[in-house]
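Written below as structure tokens is the structure these notes are about.
The values are calculated or read from the model by the stated rules, or taken from the named source; none is laboratory data. These figures come from a predicted structure and were not determined experimentally. Glycine gets a Cβ as well: all are built from the backbone with ideal geometry, and neighbour counts include every protein chain shown.
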Amino acid sequence: MVKSAAVGDEAKSNILDNEKADFERVVNVNATDVFLENKHAAQALIPLQRGSIINVRSFSSSAGWFASHAYTSCDHAIMGLKRNVVTELGQRVQVHCLSPYSNPTLLSRDIFKIDGKGGFRVYSHLHWAALQKGHLTEAAL
């Protein structure tokens, strides 16, 4: 099972400008849905005694300055959930988090205000490479 869907919101650098309803909307999708999907994947994979759960997250839990407070909080929640689930399931079912850094999605294009006409090389040290279709799948496999 691969979980990679997420929603974003406007990144407001001042926490006082953030509304609880906006925070909850992002958390409901980006954290609560991940929990439920991991739970249901584990329910299906435990009887098989094999399988993998892969949660795709951004790099905002490592560099929490580019995304909203809600989005960054969700990335931290996903890492914590992964640690709990992997400890519980042990060797039976593998649980991973995959962080593709800047994955060229509609959400990341909106966050970085990129029109999609050029290469997607946001904050990258890999000046010679840009993430392309298929790279994330190859990394997961």
**OP:** Starting from region 37-58, take each residue that is touching a residue at least 60 places away in the same chain (Cβ under 8 Å) and on the phi < 0 side of the Ramachandran plot and list its partners that are surrounded by fewer than 19 Cβ atoms within 10 Å (Cβ to Cβ) and assigned to a strand (DSSP E or B), counting only C-beta distances under 7 angstrom and pairs at least six apart or across chains.
**Re:** Ile54/Val2; Ile54/His96; Ile54/Leu98; Val56/Val2; Val56/Leu98
**OP:** May I ask you to say which residue of Leu106, Leu98, Leu36, Leu16 is under 21 Å from Glu138 (Cα atoms) and modelled with pLDDT of 80 or more?
**Re:** Leu98
